[in-house]
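Peer 1: I'd like to ask you about the structure that follows.
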Amino acid sequence: MEVYIEVTYCINAFIILLSFELLCFLLNIQMTKKELFKYVITYNISFIFLYLDLFDGFILFYDLFLTFLYFRKQVYIYYPIYLFIYISLLAFLNYLLPQSVIFQGVLLIEGFNFTSLGILSIVVCVIIYFYISFCSYKLNQNEMIDVSFFDIHCLGFIDNGNKVFYKGYPVIFISKHLLHEYQAIDTIDITTANSLETIDIILLDNIDINHQTLHHVYAGLMSSSEYDCILNTQLMGGLL
C-alpha cells in the first residue's frame, strides 16, 4: 500500500479542524483562529503514532489527555462530543474513499487521485463555511437575556471576553448591589479594563438563564460592574 505522508497529515488535520468547528456549532461556542490552530497541531500529533508500536486505541487516551489539558473539568462535555464527531467523519470519508483505510485512528489514503482531490476540496469548503458561520460568529454585544437566582430577576450581558475560571469551572459575574447578604467561599484576583480587582466567589445552587436552569454555578461579585450580570459563553453551551 503506497501512502503519501503529506497527504495523510493534511487530510487528518482537516478532519480535526472540521471536528472542532462542528463542536462549536453543537455547543454554541466560539473559537479563535489561534485556538483552532493550536488544537489542530496538538491533536494531529497522533499522526506519529503510526510509527510507534503502541496498543490499539492509544489515540483515545491521548485525545482524552489533551481535552483535559485544554478544557479541564468540562472534559466530560467536550471529549465525548469531539470523539463522536471525529470518528463519524473518519467513517464517512472512509466510505467515500474506497482506497482509504483507518489505522490507529488515522485515515490512510493509498495514492492520490482526482476523487481524493475532489473530496478534499469539499471538506475544505465545508470547513470555510462552518468557520464563517459559527466559529467566528460574534454574539450581539447589545443582546441581554433573562437571568434569575435567589428570587432575583435581572438581565444578563453576554460577554465573549469573559474567560475567568474557578477550579476549572467558568465564572459568571453578578453586581454586588443585588445581594444584601451572601456567603463567600473564596476570593480571586481578576484584571478588569481599569485595574486589578479582588472579588468574592459564591456558589449558586440554581440559576435560570434564558429560561433554563443550571445547577452549581460559580459567580463572582463585582462592585464596579455597569451590568447586573455578566455571563460566560463557555458555561452557556446551547442555552443562547
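The values are calculated or read from the model by the stated rules, or taken from the named source; none is laboratory data. Predicted model, so just to flag it, every value in this text is computed and none were measured. Here the Cβ positions follow ideal geometry from the backbone for every residue, glycine too, while neighbour counts run over all protein chains shown. Just so you know, the surface numbers come from the protein's heavy atoms only, side chains and all, with ligands and any DNA or RNA stripped out. Shrake-Rupley method; radii C 1.70, N 1.55, O 1.52, S 1.80 Å.
Peer 1: Which pairs have Cβ atoms under 7 Å, sit 6 or more apart or on different chains, and link a residue in region 212-239 that is of a type in the set (Val, Ile, Thr) to one that is modelled with pLDDT of 80 or more and in a helix (DSSP H, G or I)?
Peer 2: Cβ pairs passing all conditions: none.
Peer 1: Taking region 220-240 as the region of interest, how many residues are at pLDDT 75 or above and not acidic (Asp, Glu)?
Peer 2: 9
Peer 1: Looking only at region 72-100, which residues are within 27 Å of residue 233 (Cβ to Cβ), modelled with pLDDT under 85 and open to solvent by less than 20 Å² (accessible area, probe 1.4 Å)?
Peer 2: Selection gives 74 alone.
Peer 1: Run down 5, 29 and say which single residue is at pLDDT below 75, touching a helix residue (DSSP H, G or I) at 6+ places or on another chain (Cβ under 9 Å) and closer than 30 Å to residue 159 by Cα.
Peer 2: Only one candidate qualifies: 29.
Peer 1: If we scan region 56-71, do we find a residue that is open to solvent by 20 Å² or more (accessible area, probe 1.4 Å), farther than 24 Å from residue 23 by Cα and modelled with pLDDT under 75?
Peer 2: Yes.
Peer 1: Name the single residue, out of those in region 170-196 being under 23 Å from residue 144 (Cβ atoms) and part of a strand (DSSP E or B), that is modelled with the lowest pLDDT.
Peer 2: 190
Residues are listed down the side, and each one gets a yes or a no for (1) of a type outside the set (Lys, Arg); (2) touching a strand residue (DSSP E or B) at 6+ places or on another chain (Cβ under 8 Å); (3) at pLDDT below 85; (4) surrounded by 15 or more Cβ atoms within 10 Å (Cβ to Cβ):
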{"site": "155", "(1), (2), (3), (4)": "yes, yes, no, no"}
{"site": "158", "(1), (2), (3), (4)": "yes, yes, yes, yes"}
{"site": "167", "(1), (2), (3), (4)": "no, yes, yes, no"}
{"site": "218", "(1), (2), (3), (4)": "yes, yes, no, yes"}
